[in-house]
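Below you'll find the structure, written out as structure tokens, and then a few comments.
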């Protein structure tokens, strides 16, 4: 079960810990929305905790983990386990990270070797007082883990269930994001975003940021017409 001796040799397997085009996400959550999870993530660098977030698609798991990875101007490894079902082979390269974020860890459920590596990683980080957080769509107890040792360890993590923003809450978050940029988000464009784009904070917030950057280059004003023009250029480029 030991893999830590091969740490340096497995670095290549997880080279893309964070896509280079991803920028630090500002925290765009409303008061009362997932506050306990946000507070715990914000304190994670100062404590050897093991956190487990869970929530349905669009509840903000990725958004919060990416925010935490860049908390206080720092950086910590973030990895989306769902991007490659075999990427667990590179877990050794992350063993010594002072703080670590594994998104969609349930994508590895049912893979004996992957779960074994997670179990060993858990023991190593616990023994070395290293903090980390994982996320899944369902509670860890509902994930189809097949390794009892790992299932019991993740069940013992500090758990936070995330609440998916409703339409009004998501609208308020997007307005807040525009305001943070010193920009105005007209209702017509807001309604278009809520109807036509995926309601996923980790995708929609940076997309809106990119749109405003694009508008600044063209000295334009936000509108549905400009959004469609932006999307056309983005998709063709």
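The values are calculated or read from the model by the stated rules, or taken from the named source; none is laboratory data. Computed from a predicted structure; not experimentally measured. Glycine gets a Cβ as well: all are built from the backbone with ideal geometry, and neighbour counts include every protein chain shown.
Just one of the numbered conditions (1) surrounded by 18 or more Cβ atoms within 10 Å (Cβ to Cβ); (2) assigned to a helix (DSSP H, G or I) is not true of residue 191; which one?
(1)
Out of curiosity, is residue 180 over 16 Å from the mean Cα position of the chain (by Cα) and within 30 Å of residue 136 (Cβ to Cβ)?
yes
Is it true that some residue in region 198-207 is surrounded by fewer than 18 Cβ atoms within 10 Å (Cβ to Cβ), assigned to a helix (DSSP H, G or I) and touching a residue at least 40 places away in the same chain (Cβ under 8 Å)?
Taking every residue of region 198-207 in turn, none turns out to be surrounded by fewer than 18 Cβ atoms within 10 Å (Cβ to Cβ), assigned to a helix (DSSP H, G or I) and touching a residue at least 40 places away in the same chain (Cβ under 8 Å).
Please go through (1) touching a residue at least 24 places away in the same chain (Cβ under 8 Å); (2) in contact with a helix residue (DSSP H, G or I) (Cβ under 9 Å, 6 or more places away or on another chain); (3) not in a strand (DSSP E or B) for residue 229 and return the number of the only condition it doesn't satisfy.
Looking at each condition in turn, residue 229 falls short on (1).
In region 42-61, which residue that is part of a helix (DSSP H, G or I) and under 24 Å from residue 141 (Cβ atoms) is modelled with the highest pLDDT?
44
Can you report the number of residues in region 141-177 which are within 21 Å of the chain's Cα centre (by Cα), part of a helix (DSSP H, G or I), within 21 Å of residue 64 (Cα to Cα) and modelled with pLDDT under 85?
Of the residues in region 141-177, 7 are within 21 Å of the chain's Cα centre (by Cα), part of a helix (DSSP H, G or I), within 21 Å of residue 64 (Cα to Cα) and modelled with pLDDT under 85.
Given the options 64, 118, 91, name the one that is touching a helix residue (DSSP H, G or I) at 6+ places or on another chain (Cβ under 9 Å), assigned by TED's automatic domain parsing to the domain that holds residue 40, within 16 Å of residue 37 (Cα to Cα) and not in a loop (DSSP other than H, G, I, E, B).
Of 64, 118, 91, the one residue that is touching a helix residue (DSSP H, G or I) at 6+ places or on another chain (Cβ under 9 Å), assigned by TED's automatic domain parsing to the domain that holds residue 40, within 16 Å of residue 37 (Cα to Cα) and not in a loop (DSSP other than H, G, I, E, B) is 64.
Starting from residues that are within 13 Å of residue 79 (Cβ to Cβ) and touching a strand residue (DSSP E or B) at 6+ places or on another chain (Cβ under 6 Å), keep the ones in region 105-145 and report whichever is surrounded by the most Cβ atoms within 10 Å (Cβ to Cβ).
Going through the qualifying residues, I end up with 133.
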